[in-house]
Amino acid sequence: MMKIFMKLDNIAVDFTSLLLHNHHLDFMASLYGVPKNVTNTIRHIILELLRTKLAMHLDTGM
């Protein structure tokens, strides 16, 4: 049972980190004038990495 909570906690930390990076990405993009389509591509890559990590957590017996 403790392992399940530890995995859920790791996923929550990753998701919180993603939200913070998402805000940071928007801020830095606006600061340097990066086009919106570039930031959207980066955002999609980050989301896919998070989905992959979540899938790995679920596949390892959660």
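The values are calculated or read from the model by the stated rules, or taken from the named source; none is laboratory data. Please read these numbers as outputs of a predicted model, since none were measured by experiment. Methodologically, a virtual Cβ is constructed for each residue, glycine included, from the backbone with ideal geometry; neighbour enumeration extends over all protein chains shown.
Does region 38-48 contain any residue that is part of a loop (DSSP other than H, G, I, E, B) and without any contact (Cβ under 8 Å) to a residue 60 or more places away in the chain?
no
Residue check, LYS36 against (1) at pLDDT 75 or above; (2) under 9 Å from the mean Cα position of the chain (by Cα); (3) not hydroxyl-bearing (Ser, Thr, Tyr), all met but one. Which one?
Of (1) at pLDDT 75 or above; (2) under 9 Å from the mean Cα position of the chain (by Cα); (3) not hydroxyl-bearing (Ser, Thr, Tyr), only one is false for LYS36: (2).
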